[in-house]
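Asker: Please see the structure below; I have some questions.
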């Protein structure tokens, strides 16, 4: 229900957004993910109406938003700084947008209480806007936006100002809130875990362009290129040469994993004969004495890092330019493997990802 | 190094006290000599009397001058503040050609010699066909108050989160509504400061008033006129004392108001969610 068609935003020669196109469906929790400066916030602000595309159109529910200012769009935004009015109390903040509607005071009261209950802030109505903690401010910002019953809720890095524990708690709450309210949420974040954990679909952006739009699992397991793969967690990259390619699968030749056939990811665009094969560190399994696997590589441990839950092993494999990074949970003694020891690693061919160069 | 620091720690309070005493003790002479029975300001005091204070309201010329100063002060401070709000908003929220030149011009009266500016303004106003009156004094005062009000208001406008105004628009408010409901309350401490600073400058101001007034003197001009007569000195001292006390009360009151407004507009959050 949000159509972004060939939108470009340029500042002179610099393009903050370069021909971006995407469609966000109704009732979806959609995330714009990317590093700082990739254009995700620019895009969000253009949906909200705080910025205008240089070329291209943004439509909401079929209606083009050209020339419609922010205060008349069916969207509401939760700002990164929350933008709580410090000179008003919580109730007055939440009721701020309702004033223009001139509702019956009882009805206004009811809606404010309903919104406060939705974000678990019942009872804090009279607290001053300047007296709230970070987490409380975020909830007030949410309530204030949701009370307006918008078609779309836009969230600009809403969790980045919170500490880790609170952030994780709010991720769960935001997701359930969205499902309870049922409206479209568009979230901007640079945190891959946030995007993976909350979204129905993610658009990964770099340098003003959209690299991939897919469900979280697809983006993580079948990234379309190295940039996307690298941004979402660790990834081992292996140089490969394309040997055969058809509709659904692709066969490559590597000098470490041999000849491999794997699924071709959506939107794979071939760029000559070269490609990159990728495998996530957690998909390489340590094979203990007596264990074997149909697919395995052998090498030598050159470094080991302990992280509490898991251990990272750096393994040199003959034929590979760069050593492999392996992530293994510590329940079987991965943290005791001596540096310099020989090691065999098993893997599932499904875990291998072919990426265009 | 440590010795120097210890020296400063012990003697700095003494130095500060002496410094403040040097600045303000002469001012204390005003109330002291205003209750003296004789007109000459000499120690020891010949007697104590409140006669000079009692006589003040009996002087119609003084009452008139006070009225004039108040009228001019209130008018000038309000005008300077309104102009300051417009200028500060333009400078902090928009980007337009000639911005820096405009800011420079606004601040110019601070660095130009006041006598020159007063004479120049006099010539211009006469050329325009205006006759000298309190109105022309107000114009002159606005000119020198605007740099102060603009500075205070610029820091007021810059001091609050711009996304507050965007949030207001996002929630459906018009530009005017946002200004009324969000910007003005947030800038209130700066507005109070600006009104106060402008009023104080105008009340004290002599040079502009001297050149631009017609037949109606302001208080500083009246006082200056009285100083020629030795016998009038105690009356002037009494007046000065009243002005002193009055300014002090006014400033304290306004500072209380300003701090209260500021507390409501500053973000303080607890560390726990």
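Asker: Can you pull out the strands (runs of 3 or more DSSP E) entirely within the range A:14-61 that have at least 3 residues that are in the same structural domain as residue A:210 (by TED's automatic domain parsing) and crowded, with 19+ Cβ neighbours inside 10 Å?
Answerer: A:14-24, A:29-33
Asker: Then there is this: Filtering the range B:150-178 down to residues that are free of Cβ contacts under 8 Å to residues at least 60 places away in the same chain and more than 13 Å from chain A (Cβ to nearest Cβ), which residue is nearest to residue B:105 (Cα to Cα)?
Answerer: Across the range B:150-178, the extreme among qualifying residues is B:151.
Asker: Related question: Can you name the condition, by its number, that residue A:73 falls short on among (1) surrounded by fewer than 22 Cβ atoms within 10 Å (Cβ to Cβ); (2) facing chain B (nearest Cβ under 10 Å); (3) in contact (Cβ under 8 Å) with a residue 12 or more places away in the chain?
Answerer: (1)
Asker: Only residues that are surrounded by 15 or more Cβ atoms within 10 Å (Cβ to Cβ) and closer than 30 Å to residue B:206 by Cβ: list them for the range B:83-102, please.
Answerer: If the condition is that a residue be surrounded by 15 or more Cβ atoms within 10 Å (Cβ to Cβ) and closer than 30 Å to residue B:206 by Cβ, then B:83, B:84, B:85, B:87, B:88 are the ones that fit.
Asker: Still on this structure, please answer the following. Which of (1) assigned to a helix (DSSP H, G or I); (2) touching a helix residue (DSSP H, G or I) at 6+ places or on another chain (Cβ under 7 Å) does residue A:82 not meet, given it meets every other one?
Answerer: (1)
Asker: Which members of the range B:30-49 meet the condition of being free of Cβ contacts under 8 Å to residues at least 24 places away in the same chain and assigned to a helix (DSSP H, G or I)?
Answerer: Result: B:32, single match.
Asker: Given the criteria assigned to a helix (DSSP H, G or I), under 28 Å from the mean Cα position of the chain (by Cα) and within 9 Å of chain B (Cβ to nearest Cβ), does residue A:100 qualify?
Answerer: No: the conditions fail for residue A:100.
Asker: Still on this model: For residues that are more than 7 Å from chain B (Cβ to nearest Cβ) and assigned to a helix (DSSP H, G or I), scanning just the range A:88-97, find the one that is surrounded by the most Cβ atoms within 10 Å (Cβ to Cβ).
Answerer: Going through the qualifying residues, I end up with A:94.
Asker: Hey, could you check the range A:114-145 for residues that are within 12 Å of another protein chain (Cβ to nearest Cβ), touching a strand residue (DSSP E or B) at 6+ places or on another chain (Cβ under 7 Å) and assigned to a helix (DSSP H, G or I) and say which is farthest from residue A:32 (Cα to Cα)?
Answerer: Checking each candidate, the answer is A:129.
Asker: Can you name every residue in the range B:33-50 that is out of contact with any strand residue (DSSP E or B) (no Cβ under 9 Å at 6 or more places or on another chain) and surrounded by fewer than 14 Cβ atoms within 10 Å (Cβ to Cβ)?
Answerer: B:38, B:40, B:43, B:44, B:50
Asker: Out of curiosity, is residue A:155 in contact with a strand residue (DSSP E or B) (Cβ under 6 Å, 6 or more places away or on another chain), at pLDDT 90 or above and within 14 Å of another protein chain (Cβ to nearest Cβ)?
Answerer: For residue A:155, the condition - in contact with a strand residue (DSSP E or B) (Cβ under 6 Å, 6 or more places away or on another chain), at pLDDT 90 or above and within 14 Å of another protein chain (Cβ to nearest Cβ) - is met.
Asker: Let me ask you something else. Could you list all residues from the range A:314-331 that are within 18 Å of residue A:348 (Cβ to Cβ) and either not in a loop (DSSP other than H, G, I, E, B) or not assigned by TED's automatic domain parsing to the domain that holds residue A:351 (or both)?
Answerer: Those that are within 18 Å of residue A:348 (Cβ to Cβ) and either not in a loop (DSSP other than H, G, I, E, B) or not assigned by TED's automatic domain parsing to the domain that holds residue A:351 (or both): A:315, A:324, A:325, A:326, A:327, A:328, A:329.
Asker: Considering each residue of the range B:207-226, count those that are under 20 Å from the mean Cα position of the chain (by Cα) and assigned to a loop (DSSP other than H, G, I, E, B), and give that number.
Answerer: The total comes to 3.
Asker: Hand me the list of strands (runs of 3 or more DSSP E) wholly inside the range A:233-313 holding 3 or more residues that are touching a helix residue (DSSP H, G or I) at 6+ places or on another chain (Cβ under 6 Å) and surrounded by 14 or more Cβ atoms within 10 Å (Cβ to Cβ).
Answerer: A:274-279
Asker: Listed residues B:228, B:259; which is within 14 Å of chain A (Cβ to nearest Cβ), exposed (fewer than 13 other Cβ atoms within 10 Å of the Cβ) and either at pLDDT 75 or above or more than 30 Å from residue A:83 (Cα to Cα) (or both)?
Answerer: B:259
Asker: Shifting gears a bit: Of everything in the range A:76-87 that's modelled with pLDDT of 90 or more and over 24 Å from the mean Cα position of the chain (by Cα), which residue is nearest to the other protein chains (Cβ to nearest Cβ)?
Answerer: My answer is A:85.
Asker: Taking only the range A:173-203 into account, find how many residues are closer than 28 Å to residue A:227 by Cα and without any contact (Cβ under 8 Å) to a residue 24 or more places away in the chain.
Answerer: 1
Asker: Checking residue B:97 against (1) touching a helix residue (DSSP H, G or I) at 6+ places or on another chain (Cβ under 9 Å); (2) more than 14 Å from chain A (Cβ to nearest Cβ); (3) outside any helix (DSSP H, G or I), which test does it fail?
Answerer: Just one mismatch for residue B:97, condition (1).
Asker: Looking at residue B:130 and the list (1) within 22 Å of the chain's Cα centre (by Cα); (2) more than 14 Å from every other protein chain (Cβ to nearest Cβ); (3) under 25 Å from residue B:69 (Cα atoms), which single condition is not satisfied?
Answerer: Residue B:130 satisfies every listed condition except (1).
Asker: Taking the condition within 22 Å of the chain's Cα centre (by Cα), within 27 Å of residue B:214 (Cβ to Cβ), assigned to a helix (DSSP H, G or I) and at pLDDT below 85, does residue B:62 pass?
Answerer: Criteria met by residue B:62.
The values are calculated or read from the model by the stated rules, or taken from the named source; none is laboratory data. Note that the structure is a prediction, hence the values are computed from the model and not measured. Quick reminder, even Gly has a Cβ in these numbers, built from the backbone with ideal geometry, and neighbours come from all protein chains shown.
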